[in-house]
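Each remark here refers to the structure printed beneath this line.
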Amino acid sequence: MSIENAKIQVSGLDFEWDQSRGVFLVNGNPAVAMWIESTMAGFMSGLHTMVGSERFNLALYGAGEEGIEGEWEHLVMKSPTAEEGLTVIGRLASLVGLGYWEVISIDREKREARFRSKNNWEALYQKAIGVCWGSNSLAGRFAGYSRKLFDCNVWTEQTSFIAQGAEWDEFIVRESTTTVASRLRALMPSDKATRADLDAALVQLKNEIEERKRTEKLLKVEIQEREHAQQCLLEKLEIIRAQEEAIRSLSTPILQLWEGIVVLPVIGLVDSMRAAQMLEDLLGTIVRTKARYAILDLTGVEVMDTRAADHLLNVVRASSLVGARCLVSGISPRMAQTVISLGVDLGGLLSFSTLEVALRFALTESGDANEVKKRRLRA
C-alpha cells in the first residue's frame, strides 16, 4: 500500500485515497469525509439559519426519500427478503459514517414499519451544538424504503431523539396522504414564505398554466372532432330523410291522366301513417292541378280490414271538401265481401270495377269523352 494511493477493504467495501487527484473513493465512487461535530455541524447550522426549520427539515427529508432508488434496486431487490436487504443497507451505512440502523418490525397488513438508528451523523452534530431538529434525512430514507415495500404513499414520524439524550433515534412509518410537496404548499399562505417558496410557487403556477393550455388544446380538438361527427350524422340523416321521401313518393304515386282527372293507385297494406300521407298528397295534388275527379284505384289491395276501409273513406270525404269527386275502382269480390262483413258504411261511395271504367265515367261527366274519341280517331 503506497502513500500516494492507499486502499483498504472493510466488509466488502473498498476505500481508496487517490492523493494525486485529491479524491477519496468508496467502491470507486467519489465520497467526502468531514468532522461531524464541527465541519458538518457548522455547514448544517448555516443552512438552517438561511431557510428556517420547516424548509430545512423538509429538504433533508425529501433528499433522503429520493436517494434510495439505487440501494433498493441493487441491494433490496437482490436479497431473499426485503428485511434482509434493508439489514445489509443498515450495516453498510455504518461503514461510511452514516451510523448504524436496523429494522425493528415490518407489518405489511397494517402498512407500518419501525426503524431505529444509533450514531447517525444528524443526531451527532445536533447533539454537539445543543439542538434537536430531528434526523430528517434518515426519516426520508425510511419513508422511501417503506413506500417501495407497501406500494403506497407513507410518512415517517420520529419518536425518539439521540439529540435529546435517548440511546436511539427511533422512527415509525405509516400510510399517509402527506407528502413533501403538500407540506411545502401548506407553508405558502403563512408568513413563513421565503423567496425560494415564491419562486417555487411561480414555477408551479407556470406549470399549471401550461397544463391548462394543453388541456384546452385537447378539448378544442375533441370539440372539433365532435362537431365533425355531428355534421356527418346530420348529413346521413338528410340522406335517410331524402330516401324516406323517395320511398314515400313511390308508395303513394299520384298520376294526372287527363286535365282535371288524377289517379291514386293503392298497392299493399294501408295503415294509419300511410293513409295520412296518401290523404295529404292527394289533397295537395287536387288543389295544385284543380282536379275535378280523383280516382282511388284499389286493384293492388288484396286485403282490407275495418281500419283500412275507414282510412279510404276519409280520403273520399276529404276530396269532396276541396272540390273533387272521388271515384273508387278495382275493388275485388273478395275485398267487397270482407268490407260488407265488417259492416263498414259505404254509403255515397261511387265504385267501379276497373280503372278504365272509372276514367271513362270521369271523362263523360266532365264533357271530355268526345274529345277523347276524336283524339283516338286521329291517332
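Would you work out which of TRP258, MET304, LEU350 lies farthest towards the positive end of the dipole of the stretch 252-378, given +1 charges on the beta-carbon of Lys and Arg and -1 on that of Asp and Glu, about the Cα centre?
TRP258
In the calculated pair distance distribution of the stretch 142-187, what percentage of Cα-Cα distances lie above 12 Å?
Counting every Cα pair in the stretch 142-187, those more than 12 Å apart make up 65 percent.
What is the set of long-range amide H partners of ASP297 at a cut-off below 5 Å, with H atoms built 1.01 Å from backbone N?
Answer set, sorted by chain and number: LEU264, VAL266, SER329.
If one takes the longest principal axis of the Cα atoms in the chain, at what angle in degrees, from 0 to 90 and to the nearest 10, does the Cα axis of helix 82-95 lie?
Between the helix axis and the principal axis of the chain, the angle is about 40 degrees.
Once the piece of chain linking ALA336 and ILE209 is laid out straight, how much longer is it, given 0.36 nm per residue of separation minus the C-alpha distance between them?
37.6 nm
Taking 0.36 nm per residue of sequence separation and subtracting the Cα-Cα distance, how much length would be gained by fully extending the chain between PHE43 and GLN224, in nm to one decimal?
Length difference between fully extended and current span is 59.3 nm.
From zero up to wherever the largest Cα-Cα distance of the chain sits, split into 20 Å bins and tell me the percent of pairs in each.
Spelled out bin by bin, the chain gives 19, 26, 10, 8, 17, 17, 4, 0 percent.
Would you please name the GluC sites (Glu not before Pro) within the stretch 1-107 that are DSSP coil residues with at most 10 other C-beta atoms within 10 Å of their C-beta?
Those satisfying the criteria are GLU4.
If I take all pairs of Cα atoms in the stretch 252-378, what percentage of them are more than 25 Å from each other?
Here the tail beyond 25 Å accounts for 22 percent of pairs.
Give me, ordered by chain and number, the residues 5 or more places off THR159 or on other chains with an amide H under 5 Å from its own placed amide H.
Residues meeting the amide H criterion: GLU170, PHE171, ILE172.
Run the numbers on the chain and let me know its relative contact order in percent, using alpha-carbon pairs under 8 Å that are six or more apart.
8 percent.
Could you order the peptides 113-122, 273-282 from most to least packed, using the average number of other C-beta atoms within 10 Å per residue?
Taking the mean over residues of other Cβ atoms within 10 Å, the ranking is 113-122, 273-282.
Please state the charge dipole magnitude for the chain, taken about the Cα centre, from unit charges on C-beta atoms (+1 on K and R, -1 on D and E), reported in debye and rounded to the nearest 20.
About 1960 debye.
Once the Cα atoms of helix 333-342 and of the chain are each reduced to a long axis, what angle between those two axes, in degrees from 0 to 90 to the nearest 10, is obtained?
Value to nearest ten degrees: 70.
So how tilted is helix 272-289 from the main axis of the chain? Cα-based, degrees 0 to 90, rounded to 10.
With rounding to tens, the tilt is 60 degrees.
Would you please report the Å³ per residue occupied by the convex hull of the alpha carbon atoms in the stretch 1-130?
Per-residue hull volume (Cα only) is 147 Å³.
For the stretch 279-346, take every pair of Cα atoms, bin their distances at 10 Å starting from 0, and report each bin as a whole percent.
Bins of 10 Å from zero give 20, 49, 26, 4 percent of pairs.
Each reported figure results from applying straightforward, stated rules to the coordinates on display, with no laboratory input. In this text the structure is predicted, and so the values were computed from the model without any measurement. Neighbour counts are summed over all protein chains in view; Cβ atoms, including those assigned to glycine, are modelled from backbone coordinates with ideal geometry.
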